[in-house]
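Every read-out reported here was derived from the displayed coordinates using simple, explicitly stated rules and does not represent laboratory data. On a predicted model such as this, the values are computed, not experimentally measured, just so you know. FYI the Cβ positions are ideal-geometry reconstructions off the backbone, even for glycines, and counts take in every protein chain you see.
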Amino acid sequence: MMDFALAFVVGGLMCMLAQLALDLTEMNPAMLMVVFVSLGAVASGLGLYAPLVEIAGAGASIPLPAFGHALVEGIGQDVDQYGPLGILSGGLRATAVGLTVAILSGYLMAIVFTPKG
Amino acid sequence: MPKATGRETAAYQRMIVASKPKRPLAENLVWAFVVGGAICLVGQGVKNIIMKAEGLTPTEAGPPTVGVMIFLGALFTGLGVYDRLARFGGMGANLPITGFANAIVAPAMEYQREGLVLGVSARMFTVAGPVIVHAVVVAVIVGTLSHFVGK
């Protein structure tokens with residue numbers, strides 16, 4: 001039960017922070033998505049994001065900063081395994097499942113459904 | 001250029017109204033928290049099910065969980081549910097990975113009429129493209145720094 005509570009609270013707080021930025025700055029949702037994904041990558045590099053995922057589970061791995069974090073972690077893993085070339089391979093390898101599902105299901109849904117109104 | 005139908009005009013008017021600040025900040029924050037938290041709660045449920053069913057560790061269950069959530073986000077966008085959720089959830093609906101899926105499917109559907117290549121396929125990346133570009137660029141910079149400088 002604890003894992004659900006932590007996922008809700010941490011995930012909710014991250015979204016609240018993004019909402020605060022949306023309401024108080026000139027940035028639009030698309031820009032904020034870019035900002036948060038970049039912040040996730042930076043936080044990951046500083047070693048801050050992995051502990052958050054450890055604590056909050058999906059509360060940290062479902063919001064967009066997790067995408068930046070996954071890329072950085074993947075780079076780290078590939079660098080350990082293949083050397084410096086891993087900098088170029090690890091990011092997209094680690095996020096391949098998400099990106100492939102996103103492209104496939106995006107294409108599928110856009111063909112199957114027609115926009116209403 | 002085709003004239004806008006009454007429906008399109010109404011939709012545009014709704015968009016204008018929706019883009020104007022109308023709710024107090026506190027209310028927006030609460031809804032973002034509740035909607036974003038609820039989506040992560042569902043994510044945790046999906047993760048737990050995958051871990052149990054496949055006997056995976058939390059780390060191993062990460063990518064398939066994200067995959068399922070992206071599919072769900074795309075599906076509910078197709079069904080027209082997700083955009084309604086985003087209207088009151090704000091960043092609570094946009095920031096989770098399901099919002100990333102929404103950002104792919106919504107414009108792809110909207111530009112269906114312009115064809116599969118320049119309509120659906122190109123427009124899929126109107127928002128997702130910049131997100132992927134920045135994620136890759138920043139991650140490569142961070143990865144390079146931590147390999148050659150830090151740690």
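Starting with the fewest neighbours, write out B:Leu145, B:Leu41, A:Leu88, B:Leu118 ranked by other beta-carbon atoms found within 10 Å of each beta-carbon. Numbers along the way, then the final one.
On the way: B:Leu145 13, B:Leu41 22, A:Leu88 16, B:Leu118 10.
Ranking B:Leu145, B:Leu41, A:Leu88, B:Leu118 by Cβ neighbours within 10 Å, fewest first, gives B:Leu118, B:Leu145, A:Leu88, B:Leu41.
So how do B:102-111, B:83-92 stack up, highest first, on mean other-Cβ count within 10 Å? Walk me through the numbers on the way to the answer.
Details: B:102-111: 24.5, B:83-92: 21.1.
The packing order, highest mean first, is B:102-111, B:83-92.
What net charge do the residues around B:Ile104 carry, taking every other residue with its C-beta under 14 Å from that of B:Ile104, with Lys and Arg at +1 and Asp and Glu at -1?
-1
Tell me the label-point distance for the pair B:Lys3, A:Ile55, using the 7 Å Cα-to-Cβ offset, in nm and rounded to one decimal.
Result for the modelled spin labels: 6.0 nm.
Thinking of the range B:89-151 as a set of Cα atoms, what percent of all their pairs are more than 13 Å apart? Can you show the working numbers first?
Details: 1330 of 1953 pairs.
Roughly 68 percent, once rounded to a whole number.
Given N residues in chain A, what is Rg(Cα) / (2.2 N^0.38 Å)? All intermediate terms of the calculation are to be shown ahead of the outcome.
Numbers: Rg = 16.4 Å, N = 117, 2.2 N^0.38 = 13.4 Å.
Cα Rg divided by the expected 2.2 N^0.38 Å: 1.22.
In nm, to one decimal, how far is the modelled label at B:Leu145 from the one at B:Ala122, with both set 7 Å along Cα→Cβ?
3.6 nm
Of the candidates B:Ile97, B:Ile132, B:Ile70, which one comes out as most mobile in a Gaussian network treatment of chain B with C-alpha springs shorter than 10 Å?
The residue that fluctuates most here is B:Ile132.
Roughly how tilted is helix B:125-148, in degrees to the nearest 10 and between 0 and 90, from the longest Cα axis of chain B?
The two axes meet at around 20 degrees.
Determine the relative contact order of chain B: mean sequence separation of Cα pairs under 8 Å and six or more apart, normalised by residue count, in whole percent. If you can, show how the numbers build up before the last one.
Working: 118 pairs, mean separation 28.8, N = 151.
Over chain B, the number comes to 19 percent.
Taking the Cα centroid of the range A:70-117 and of the range B:62-101, what is the distance between the two, rounded to the nearest whole Å?
17 Å
Take each complete run of DSSP H in chain A, measure how far its Cα atoms stretch along the helix's own axis, and keep only those covering 20 Å or more with mean Kyte-Doolittle hydropathy at least 1.0; list them. Please report the intermediate quantities before stating the final value.
On the way: long enough: A:2-24 (33 Å, 1.78); A:29-45 (24 Å, 1.91); A:65-82 (25 Å, -0.09); A:96-112 (24 Å, 2.16).
Counting only whole DSSP H runs, the qualifying helices are A:2-24, A:29-45, A:96-112.
Order of A:Thr95, B:Thr144 from fewest to most other C-beta atoms within 10 Å?
Details: A:Thr95 25, B:Thr144 16.
Least to most surrounded, the residues fall as B:Thr144, A:Thr95.
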